[in-house]
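A short worksheet on the structure shown next.
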C-alpha cells in the first residue's frame, strides 16, 4: 500500500522502470562478484521456518522440507542471508561468537519481563548457533554473506520484478543505491548512466524514512483492526472508526492536523477511477 496521499502517475513509474532497465543493461556484467563460488547457481528454500521442516522422531534428523513452490535458482550471493527463523533480534551483529545469556537480574524480573527476556534469549540462541554451524559447515555461504556489497546487489534484483503498488519509494530507493554504489560495482570505471543530485538524495532519504515509519504504524493498526470474520467486515469497520476517532481526539482540535489525517488516512474509502 502507499500511504503518501499524493497521486502518482503511471508515467512516472514507467520512467523509473526504463531507468532500471538501462542500469541493468550497463551493469549486468558487474552485479555479481568475481568470486566463482559466489556466482554458483544455488537452490535455496524461500521460507525456512519450523512449519516447513519435518523431523523424524526416531532419529531427530530432518526428513522433509515442504513449500518449495516459490523457489528459484539464483547465484549464491543473491540468496545468501539468514532465514527468518534465525535472524538476528538485535540491531547489530556482535564480532565475537560468545554464547548469549539471560540478563544478570533475571531472577528479580516480573513475570512479564521474564517472559520477554526468555523470548529474546531464545531468538539470540537460534541466531548464535546458526552463525556457528553456518561458518563451520557451509563456508561458501558464509563467504557470500561477507560480501561488502551483498545488500545492494540483492536489493537491485529483488525490486526489479515487483509490480507497482502505488508508490515510487522502493524502486527509486533501489536506483539511488545503485547510483551510490556504482563506483564499487562497476570495475571498468564507466560513468553511471543516471544521476541524482545530493539534494535529491537527501530529500528522498528523509521521505523514505517517513515511509518506513508509516508502514510500521499502519501495519500495527491493521493488526489491531483485524479483518473479515463470521460477521463480515462489521467489526473491522467499527474498529477503523474508533481508531480514527481516537487519533482525532489526540489532535485536540488542531484543524491542520485533523485535515492532514483526513487527507492521508490509509483506511479511507477509495473510488475507482477510469484509466
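The values are calculated or read from the model by the stated rules, or taken from the named source; none is laboratory data. Note that the structure is a prediction, hence the values are computed from the model and not measured. Positions of Cβ are backbone-derived with ideal geometry, glycine not excepted, and every protein chain shown enters the neighbour counts.
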If you take just the helices (runs of 4 or more DSSP H) that sit entirely in the stretch 1-91, which of them hold at least 1 residues that are surrounded by 14 or more Cβ atoms within 10 Å (Cβ to Cβ), touching a helix residue (DSSP H, G or I) at 6+ places or on another chain (Cβ under 8 Å) and at pLDDT below 75? 10-27
Odd one out for residue 164, checked against (1) closer than 18 Å to residue 21 by Cα; (2) assigned to a helix (DSSP H, G or I); (3) modelled with pLDDT under 85: (2)
Mind listing whichever residues of the stretch 136-158 are without any contact (Cβ under 8 Å) to a residue 24 or more places away in the chain, in a helix (DSSP H, G or I) and farther than 30 Å from residue 19 by Cα? 136, 137, 139, 142
The condition of being in contact (Cβ under 8 Å) with a residue 24 or more places away in the chain and at positive phi holds, among 81, 60, only for 81
